[in-house]
Amino acid sequence: MKNILIVLFSIFSLSTFGQQIVTVKLHSIVGYEDYESFAHMSIQKLKLVLNSEKFKQKVLTRKFTKTKGMSNQEIYDLIIKSHEVQGLGGYDNVVDLRIRTLTLEKDGEKWMKNCEPNSWAGTIGIDGQGDGVTAICPQRLKMWSEKNDYGSLAGHYAHEYMHILGFSHSGLNKRKSLVYKIGDIVEEVINEGL
Ligand SMILES: [Zn+2]
C-alpha cells in the first residue's frame, strides 16, 4: 500500500510540478581537469532550464534570425526533440553532449591565440565543425569556474549544441541569430533563478 502511494504521488508530482521532457547525457569529457565538477553542475542546470516553463516562454516569444524558416514553436519542439544532425548523436529527447578543452596540440596556435580573453577574436569555444564535440577555451573555463558562473558555461553548451542541431550564425549580426540567442536565454534563466 505504502509503495502504491509513493508511486501515485510521484506520478502526481511529475505531472503537476513540471514533467521532465528532455534529459542531458554527457558522453565524454576531455581535458577539464579540476573543472569537471563545475561542468557537471552546469550541465545539471542546463537540464533544469530546458525542462522549465521559463525557457519555453522565452523561446516562444523572442525574435531570432537564421532560423532556416522555422517558427518559434517549431524551434522549441526541435530543441526538445534533441535529434543531433552532427556527430555521433544518441537517442531523441536526450541532449547528447561531448565536451573537451581547446588545446595547442589538437587546435593549433591560431585558436589558442583566439582564446586569449583580450584577443580580437574573443573566442569562447568551438563546435567541432561537424564532429559533434564541443570545445571550450581553457581560459574561459577557469575564469567562469572561479566565479561559479554556471550560466555562462551552460549557455556555451547550449550555443554549441544549436550548431550540432544544424544551425549557424555566419554573416552579419550574429548576436541576433538563433544560435547565440538560445545560449543567451539559457544563461539568463540560470542567472534569474529557476
Ligand atoms: Zn557558434
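The values are calculated or read from the model by the stated rules, or taken from the named source; none is laboratory data. Everything numeric here is computed off the predicted structure, so don't read it as measured data. Cβ placement follows ideal geometry from the backbone for every residue including glycine, while neighbour counts extend to all protein chains displayed. We work out accessible area using only protein heavy atoms, side chains counted, and drop any ligands, DNA or RNA first. Shrake-Rupley method; radii C 1.70, N 1.55, O 1.52, S 1.80 Å.
Side notes on the structure shown:
- Ile29 long-range amide H proximity, modeled H, under 5 Å: Ile99
- Separation in nanometres of the label points that stand 7 Å from Cα toward Cβ, at Lys68 and Gln19: 2.5
- Linear extension gain, Thr61 paired with Ser28, 0.36 nm per residue minus alpha-carbon span: 8.5 nm
- Distance between the 7 Å Cα→Cβ label points at Asn93 and Lys81: 1.4 nm.
- Carbon plus sulfur fraction of accessible area for the chain, probe 1.4 Å, in percent: 56
- Taking amide H as placed 1.01 Å from N in the peptide plane, the amide H of Thr65 sits under 5 Å from that of Ser177, Leu178, each at least 5 places away or on another chain.
- Straight Cα distances below 20 angstrom link Lys68 to the aspartates and glutamates Asp77, Glu84, Asp127, Glu160, Asp184, with same-chain residues fewer than 8 positions distant left out.
- Within straight-line reach of Lys106, meaning a Cα separation under 28 Å, sit the following lysines at least 8 residues removed in sequence or on another chain: Lys25, Lys142, Lys147, Lys174.
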